[in-house]
Amino acid sequence: MGLADIQAALDEFHASLDEPYRMTPAGMWACSQSEEVYDLLRRMDLGRYRSFADVGSGDGRAVLIASLFMPATGIEADPALVEAGRSIARRLGLNQANFLCDDCRRVDLAAYDLLFIYPDKPLDWLVARLPEDWAGNLLVYGAYFQPPELAHIDTIQAGHSKCTLWER
Ligand SMILES: C[S@@+](CC[C@H](N)C(=O)[O-])C[C@H]1O[C@@H](n2cnc3c(N)ncnc32)[C@H](O)[C@@H]1O
């Protein structure tokens, strides 16, 4: 089981869609690039972390990929996208992948120590939900939105995407 199996399952899901993006109950869905997410995670020291969560997980791709390495949770407001991720995880036996259909603003994000986000809006709301003593890291995919107040740890270029790592 690996990236190619996940990509094939995602391709199958996307073949049933008109477009690989849409408005959801909470924001705008667009997809990160699976190869870039895989490359990004492989280059990180994941042994430092216990639990990964994708804040707004879309079709679940980052969670499915992260679950190859560690327990991974996706939180997503769009039920059909959550079902897509769950169904691929079930089919591929990715037992470390888990999905919550919820608004991320109602979930205890501080319970995870590696938060991933491909943001569709400014990140103030997310930073406001991280306690002052949160010891985790926030991994931001893409350069458009950066978290206010957090300290920059690293910048990792994954394919065409500039990704950044942050801490409190
Ligand atoms: C740009 S997409 C990224 C999808 C996925 N993380 C990826 O890497 O392909 C942003 C996703 O966040 C979701 N989202 C935005 N705000 C949310 C919120 N407050 N609660 C749950 N989902 C949210 C949107 O529905 C959308 O699917």
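Quick notes
- For residue 148, the requirement of being in contact (Cβ under 8 Å) with a residue 12 or more places away in the chain, in a loop (DSSP other than H, G, I, E, B) and under 15 Å from the mean Cα position of the chain (by Cα) is not met.
- Looking only at segment 29-49, residues that are within 16 Å of the ligand (Cβ to nearest atom), within 17 Å of residue 74 (Cβ to Cβ) and touching a strand residue (DSSP E or B) at 6+ places or on another chain (Cβ under 6 Å) come to 3 in all.
- Filter result for residue 165 (surrounded by 14 or more Cβ atoms within 10 Å (Cβ to Cβ), part of a strand (DSSP E or B) and not acidic (Asp, Glu)): yes
- Sole exception among (1) near the ligand (Cβ under 9 Å from one of its atoms); (2) out of contact with any Pro (no Cβ under 9 Å at 6 or more places or on another chain); (3) closer than 28 Å to residue 157 by Cα for residue 68, by number: (1)
- Members of segment 5-28 that are in contact with a strand residue (DSSP E or B) (Cβ under 9 Å, 6 or more places away or on another chain) and assigned to a loop (DSSP other than H, G, I, E, B): 20, 21, 24, 26
- Residue satisfying condition, being among the small types (Gly, Ala, Ser), surrounded by fewer than 17 Cβ atoms within 10 Å (Cβ to Cβ) and closer than 17 Å to residue 48 by Cα, within set 135, 128, 151, 143: 135
- Residue satisfying all of: in segment 151-163; in contact (Cβ under 8 Å) with a residue 24 or more places away in the chain and not hydroxyl-bearing (Ser, Thr, Tyr); nearest to residue 118 (Cα to Cα) among these: 163
- Test for residue 97: is it under 22 Å from residue 2 (Cα atoms) and free of Cβ contacts under 8 Å to residues at least 60 places away in the same chain: yes
- Candidates 142, 159, filtered to the one that is small (Gly, Ala, Ser), more than 17 Å from residue 65 (Cα to Cα) and within 16 Å of the ligand (Cβ to nearest atom): 142
- Residue selected from segment 28-55 under the condition in contact with a Pro (Cβ under 9 Å, 6 or more places away or on another chain) and not aliphatic (A, V, I, L, M), by the criterion surrounded by the most Cβ atoms within 10 Å (Cβ to Cβ): 52
Conditions (1) surrounded by 23 or more Cβ atoms within 10 Å (Cβ to Cβ); (2) in contact with a Ser or Thr (Cβ under 6 Å, 6 or more places away or on another chain), marked per residue:
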site	(1), (2)
57	yes, no
98	no, yes
119	no, no
122	no, no
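Values in this text are rule-based calculations from the coordinates and carry no lab data. Bear in mind the structure is a predicted one, so any value in this text is a computation, not a measurement. Neighbour counts run over all protein chains shown; Cβ positions are idealised from the backbone, glycine included.
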